[in-house]
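What follows is a set of notes on a single structure, which appears directly below.
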Amino acid sequence: MLRFLLASLSLIAVGKLASIQINPMAGRAALILASPSMSMVEQANFGPTKHALQVAVNERDRQHDFDFEIGTWKTHVSRLLNPLTGSTKWVEYDGTSVVRKVWSGRANLLELEVDGPKGHIEGLSLRLYNPQSHQWSLNFSSSSVGTLSTPTIGEFKVGRGEFVDQEMLDGRAILVRFVMSDITADSAHFEQAFSHDGGRTWEVNWIATDTRIKDESGNGY
């Protein structure tokens, strides 16, 4: 055994990578070598397993992040009037949201329709997945405007989605942040906030709580 260990140390001294693994079942030491002269295939045998690599790929592939939202939802919205003006007046709306898959889930379309004391809101949001950056862009429009807004870009981490962009409000540049949180199979929470100081402070101006609508058998639409 001593001669075996000395041979291992000599290999390390000449610049080769060596490790000794003790097999308690066999009662002997096993020497594993990986040197610069080894082929890529040989060295790959000492790397992560195929399963570990597949897990890493799946973690990077985020194109199904919005699958939780597919279906029909009862929506309650609270909207702050005149954001970033010191206003504290909120108005309430109730209605529905319908989310459909596009391109087998690599995109989806949200249609929102709510009513409240301040009138009727029809909106849509086209969510597009970028396979290169592994991020999503949220592209919103309302029936009163008819054009898509600046894309809000971001991703989901630990069950929370955060998306940010820069827009103009009353002639000045602001940051816009949209957050999805408290996500379950049958409910979700959404907040939009504005910042006029580069993200140091945020003022929430849109809060939506969605509850999934189910049929008589208890299945979601």
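Table: residues versus (1) surrounded by 13 or more Cβ atoms within 10 Å (Cβ to Cβ); (2) touching an Asp or Glu at 6+ places or on another chain (Cβ under 6 Å); (3) at pLDDT below 95; (4) not assigned by TED's automatic domain parsing to the domain that holds A193.
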{"site": "Q135", "(1), (2), (3), (4)": "yes, yes, no, no"}
{"site": "F140", "(1), (2), (3), (4)": "yes, no, no, no"}
{"site": "T150", "(1), (2), (3), (4)": "yes, yes, no, no"}
{"site": "E155", "(1), (2), (3), (4)": "yes, no, no, no"}
{"site": "G161", "(1), (2), (3), (4)": "yes, no, no, no"}
{"site": "Q166", "(1), (2), (3), (4)": "no, no, no, no"}
{"site": "A173", "(1), (2), (3), (4)": "no, no, no, no"}
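Which one of D182, D186, D210, D197 is within 22 Å of A107 (Cβ to Cβ) and modelled with pLDDT of 95 or more?
It is D210.
Considering segment 154-165 alone, what residues qualify as being over 13 Å from Q192 (Cα atoms) and either touching a helix residue (DSSP H, G or I) at 6+ places or on another chain (Cβ under 6 Å) or part of a strand (DSSP E or B) (or both)? Please lay out each step first, then the result.
Going through segment 154-165, the residues over 13 Å from Q192 (Cα atoms) turn out to be 154-160.
G154, E155, F156, K157, R160, listed by residue number.
List the residue pairs whose Cβ atoms are under 8 Å apart, where the first residue sits in segment 186-201 and is touching a residue at least 60 places away in the same chain (Cβ under 8 Å), the second is in a loop (DSSP other than H, G, I, E, B) and buried (at least 17 other Cβ atoms within 10 Å of the Cβ), and the two are 6 or more positions apart or on different chains.
F194/P83; F194/W202
Out of (1) in contact (Cβ under 8 Å) with a residue 40 or more places away in the chain; (2) assigned to a strand (DSSP E or B), the odd one out for I183 is which?
That leaves (2) as the condition not met.
What is the residue count in segment 92-126 for residues that are small (G, A, S) and surrounded by 16 or more Cβ atoms within 10 Å (Cβ to Cβ)? Talk me through it step by step, then tell me what you get.
Step one: of segment 92-126, the residues small (G, A, S) are 95, 97, 104-105, 107, 116, 119, 123, 125.
Filter once more, keeping what is surrounded by 16 or more Cβ atoms within 10 Å (Cβ to Cβ): 95, 97, 107, 116, 123, 125.
Selection size over segment 92-126: 6.
What number of residues in segment 58-105 are part of a strand (DSSP E or B), free of Cβ contacts under 8 Å to residues at least 60 places away in the same chain and more than 29 Å from N219 (Cα to Cα)?
Residues that pass the stated criteria total 2.
The values are calculated or read from the model by the stated rules, or taken from the named source; none is laboratory data. Everything numeric in this text was worked out from a predicted model, so none of it was measured. When we count neighbours, we look across all protein chains shown, and the Cβ atoms used for this are built from the backbone with ideal geometry, even at glycine.
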